[in-house]
Structure formats: structure tokens, C-alpha cells
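The values are calculated or read from the model by the stated rules, or taken from the named source; none is laboratory data. Just so we're clear, the structure is a prediction, and the values are computed from it rather than from any experiment. Virtual Cβ from ideal backbone geometry, glycine too; neighbours counted across all protein chains shown.
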Amino acid sequence: MEKNNFWSPYIAGIGLGLTLLATFYIIGWGLGASSAYSLVTAVGLNEISPGYAGSLKYFSRYLTAGYPLKDWVLFEVTGLFIGALAGALLSGNFRVRFDKAEKMSSKKRLVTAATGGILIGFASRLSRGCTSGVALSGGAQLAAGGWIFVIAMFAGGFVVAALFRRLWS
Amino acid sequence: MTAPLYGYGMFGVNTSLLLAVILGIFFGLFLERGGLGNPHKLTGVFYFTDFTVPKVMFTAILVAASGLYLLSDLKLLDISRVWIVPAFFWPQIAGGLLFGAGFVLSGYCPGTAIAGFASGRLDALVAMTGIGAGSLIFAVLYPYIEGFYIFSAMGSVTLPQLLKINHWFVMVLLYVLAAGMFYLMERFEKRS
């Protein structure tokens, strides 16, 4: 197990809230994450098969720009990676591993990580964003959409946790 | 009133991208240091074993919301120039439910998966690949679900606008709810 040297969740929450506030003040929108995945997928598909990527109406929003990768959220998540890497390295929490519940097989973990990821990727597009762009940023704006998503997300999570009780134990 | 600075043309696109990286660094640092790169802590709330996620999330929401509406009331920030998250009632209900399911299964969400991968977790990279695949599935199915995607659009409406009350009433309600929630979580964690 890793060292349990995390900061108080309230301190981390204050830092995160001030970062979000600074983003509202400086840029004029909130923090995001999921759109970067959709963008990179669209650009990647466009490299492999421009014809098929071009035929997908939803992806056209990313591909019409002159430089699709010059995207604000993509740059922001690049920073996210750097900041998290710095935090993990400086605190001695960086360790290459395949993290899973103690009794779970690696094969099962591969399936849960991939399936969960697919659900999240699909759901984020339907919801107009994820925990960062809709729940956190929208929640802080007191946006109705943000709070609808927060409530539904916790409801969905509790149902699945009740169905798979020993998934993480 | 000159903020949001980017919206008022204080700098160009390239500077905004540099600032995106800087703001992202703080975002990632606080996520990782708060324990939100760790799938055990991320899923703990759903099993009543670890309440890190709601503690970090609602503290951040309260801090940012208080600052946003305070700056707006002091006329230091033009909130009409801030892009407000739009509401689509049924798509966000369905999306939220599916998202919560995926969150518990994978142990991550899009931002925290990057924080997990940055702390050396290869399972997070699998989840990240899945998120990309899920986006692709959405794009492929989009012609069939477009009707639902735009159904029950409410616009970029906020709770104070919807309830026709001052935003500070909503804030006070949130402070009280959060205080009660944090108190119960601390008590529950101490007992178990």
C-alpha cells in the first residue's frame, strides 16, 4: 500500500476551489476534462480514417477548426498531468502499479477499468461534461445542470455499489 | 469591470493556453494531494468507507461559488460573460446515472484518471482508453440519439434563477447542508 500522506480533504478542496475561482475570473469558464478525450479520439480517428471521422456528425465540432489540438481543455489536462505527477513524486506517492482491490484478479480489473471507462466516456458526452466540467464547475456556478448531474451521478454510483458490494474490498 | 480577463480581451489565445497549463497544474496538484488519484479513495463514498470525494468536491464548490457570486456582487466580475453550464434535464439524469456506474466500476472519472495515471497507475490508463472509446461509441450512435441529446433543454439556467430567489439564499442552504454532511461524515469515519 502507498503512504497515507495525503493532505486534509478540506485543504485540498479549498485549493481546488480557489483554482476554479481563478479560472472563472481569468478565463471566463470552468475546469474540464472529458472533452479532451473526445477531441483526441476525434483527431486520432481523423488521422487513421479521415473519411469515416468526417462522416461522424458529432466529431465535426472538433475537426472543423484549423488546429484542433489548440484546445483550452486539452492544454489544461496536460497541466493536470504535470501537477499530479509533481504531487505524487514530491510526496513519494509515485509508484508504477496496476491498482485494484486486494482480492480482485488483474484480468477482472482490466475489464472493470475498461467497461467503467467506456460508460464514463459515453455518459460525459450525453451530460455535456463530467465531474470537472459539469459537477464541479457547474455546481460552483449554482447551474441547474451541474446539480442535476451531481445528484444523478451519486444515485447511479450507489446503485452499482449495492449491486457489486465486494468490488473494492 | 474588466473580468473575466480573457473575455474582455486582456490577452490572446496563446496566452490563454499557457494559463490553461498553469491552472491545470494546480488542478492536478490538488487532486493528487487530496487523494483523488487513488481509486480506493475515489470509490470509498459509495461504500461508506471513505468520504474524501464529497469532502473535497463540496468544499471546492462552496469556495468557488462564494468567490464567484461575491466578485459578481462587488462588480469585480461580469458573471454574464462567464460561460454557464447548460441544463438538459433528462440527458443529464441519464448521463449522471451511467457516469456514476462507470465511476464505481473503473474507480476513476476523466480528470482523476489522469491524476491516477500520473501517480503511476496503469489501470488508470486502461480507464482513459475506455473513456476515449466511450466517446467514439457516442459519436457513432449520435444520429440515433440526437433527439434525446437535445431533449428537455433548459438553457444556461442557475438554481437562483430557476427558484427566483437571491443567490445568497441558495448559498446559505448549501453551507448548512455541507456543514451537516461534513459533520456526519467525520462522525461516521471515526466510528468505523
Which numbered condition A:LYS70 fails, given (1) buried (at least 17 other Cβ atoms within 10 Å of the Cβ); (2) farther than 26 Å from B:PHE99 by Cβ; (3) not polar (S, T, N, Q): (1)
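For every residue, the table says whether it meets (1) facing chain B (nearest Cβ under 7 Å); (2) under 15 Å from the mean Cα position of the chain (by Cα).
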| position | (1), (2) |
| --- | --- |
| A:ALA88 | yes, no |
| A:PHE98 | yes, no |
| A:MET104 | no, no |
| A:ILE118 | yes, yes |
| A:ARG128 | yes, yes |
| A:GLY145 | yes, no |
| A:ARG165 | no, no |
Kindly establish whether A:GLY79 is touching a Leu at 6+ places or on another chain (Cβ under 7 Å), assigned to a helix (DSSP H, G or I) and over 27 Å from B:PHE88 (Cβ atoms). yes
Name, by its number, the condition in (1) at pLDDT 95 or above; (2) more than 7 Å from chain B (Cβ to nearest Cβ); (3) outside any helix (DSSP H, G or I) that does not hold for A:VAL111. (3)
The lone condition B:THR15 fails out of (1) farther than 18 Å from A:LEU18 by Cα; (2) touching a Gly at 6+ places or on another chain (Cβ under 9 Å); (3) modelled with pLDDT of 95 or more is (2)
Across (1) surrounded by fewer than 23 Cβ atoms within 10 Å (Cβ to Cβ); (2) more than 7 Å from every other protein chain (Cβ to nearest Cβ); (3) assigned to a loop (DSSP other than H, G, I, E, B), B:LEU18 clears everything bar (3)
What are the residues in segment A:7-32 that are in contact (Cβ under 8 Å) with a residue 40 or more places away in the chain, part of a loop (DSSP other than H, G, I, E, B) and in contact with a helix residue (DSSP H, G or I) (Cβ under 6 Å, 6 or more places away or on another chain), if any? A:GLY30, A:LEU31, A:GLY32
Please give the number of the condition A:SER35 fails out of (1) part of a helix (DSSP H, G or I); (2) among the hydroxyl-bearing types (Ser, Thr, Tyr); (3) surrounded by fewer than 19 Cβ atoms within 10 Å (Cβ to Cβ). (3)
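Do any helices (runs of 4 or more DSSP H) entirely within segment B:26-109 hold 1 or more residues that are among the acidic types (Asp, Glu) and more than 7 Å from chain A (Cβ to nearest Cβ), and if so, which? Reasoning before the result, please.
On the way: elements: B:39-44, B:52-73, B:89-106.
Filter on segment B:26-109 gives B:52-73.
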What number of residues within segment A:106-144 satisfy the criterion of being surrounded by fewer than 24 Cβ atoms within 10 Å (Cβ to Cβ), at negative phi and among the charged types (D, E, K, R)? 3
Among the residues of segment A:67-86, which ones are under 16 Å from B:ALA118 (Cα atoms) and within 7 Å of chain B (Cβ to nearest Cβ)? A:PHE75, A:GLU76, A:VAL77, A:THR78, A:GLY79, A:LEU80, A:PHE81, A:ILE82, A:GLY83, A:ALA84, A:LEU85, A:ALA86
Across segment B:99-113, what is the total count of residues that are more than 16 Å from the chain's Cα centre (by Cα) and among the hydrophobic types (A, V, I, L, M, F, W, C)? 3
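Suppose we keep only residues that are hydrophobic (A, V, I, L, M, F, W, C) and under 17 Å from the mean Cα position of the chain (by Cα) within segment A:1-32. Which one would you say is surrounded by the fewest Cβ atoms within 10 Å (Cβ to Cβ)? Before you say what the answer is, go through the steps one by one.
First, pick out the residues of segment A:1-32 that are hydrophobic (A, V, I, L, M, F, W, C): A:1, A:6-7, A:11-12, A:14, A:16, A:18, A:20-22, A:24, A:26-27, A:29, A:31.
Filter once more, keeping what is under 17 Å from the mean Cα position of the chain (by Cα): A:16, A:20, A:29, A:31.
Details: A:LEU16: 28, A:LEU20: 29, A:TRP29: 20, A:LEU31: 28.
Top of the filtered list is A:TRP29.
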The correct count of residues that are out of contact with any Phe, Trp or Tyr (no Cβ under 8 Å at 6 or more places or on another chain) and outside any helix (DSSP H, G or I) in segment B:133-191 is 6
Among B:TYR149, B:TYR175, B:TYR142, the single one that is within 30 Å of B:THR52 (Cβ to Cβ) and either touching a Leu at 6+ places or on another chain (Cβ under 7 Å) or of a type in the set (Phe, Trp, Tyr) (or both) is B:TYR175
